[in-house]
Amino acid sequence: MHNNHWSTNRVFVCERAAAWSSINTRYFGRLRVSSLSDEPLDASLDAYDVGALRMFRITAPAHHVARDTSCGELPTDDFYKLVLQVSGRGIVEQHRRRVELSPGQWILYDPRDPYEITNPERCTLLVTQVPRAPFGPQAFRPACRANRARQRRRPAQCLRHLPARAE
């Protein structure tokens, strides 16, 4: 298992946003990442390669992440993304659906499609990038297409979300 640790703590406060942007671009591509906090950007990312999986532990202040059509192809396009909200709250929006995450809850989504994630307070996330190849190229899409008429009634149809079950 290969591990890298990245942190903004040893960077001048005035250079932290640029440093964090560079760290994020390295692993997730040119996503739009912005801080929602006026405090110094104290953030860290631990990256692990575990076989075919890519795993990350992210600790960051309140922030917003967006992928839109201007992001182009990203290094995450060959993966699904599984995110566990360890601390703080998160809001994930994709396909006009919104899922709110509390500590212990997780979501599985397709990061190829436009999405927005807002963590309105300091948070810790465990992120796993799961290769899409074993599941086939359209693992989520058929369910989404087949259920379009029902999507208005069940807003989280294509976002996979389960509450914590660890007791």
Completion exercise
Of the residues in region 49-88 that are farther than 27 Å from MET1 by Cβ and touching a Pro at 6+ places or on another chain (Cβ under 6 Å), the one that is modelled with the lowest pLDDT is ASP68
Practice task
Return only the number of the condition from (1) part of a strand (DSSP E or B); (2) modelled with pLDDT of 95 or more; (3) closer than 24 Å to TRP6 by Cα; (4) not acidic (Asp, Glu) that ILE91 does not satisfy.
Solution key: (3)
Handout entry: Selection from region 97-145 of residues that are modelled with pLDDT of 90 or more and on the phi > 0 side of the Ramachandran plot
Key = GLY104
Practice task
Return the total of residues in region 75-88 being on the phi < 0 side of the Ramachandran plot, assigned to a loop (DSSP other than H, G, I, E, B) and crowded, with 17+ Cβ neighbours inside 10 Å.
Solution key: 1
Problem - Scan of region 62-120 for residues that are farther than 20 Å from SER34 by Cβ and basic (Lys, Arg), ordered by number - result: ARG96, ARG97, ARG112
Completion exercise
Taking region 94-110 and keeping only residues that are without any contact (Cβ under 8 Å) to a residue 60 or more places away in the chain, within 24 Å of ARG30 (Cβ to Cβ) and not in a strand (DSSP E or B), one is left with ARG96, ASP110
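The values are calculated or read from the model by the stated rules, or taken from the named source; none is laboratory data. Just so it is clear, the model here is predicted, and its values are computed rather than measured. Using ideal geometry, Cβ is built from the backbone for each residue, glycine included, and neighbour counts are taken over all protein chains shown.
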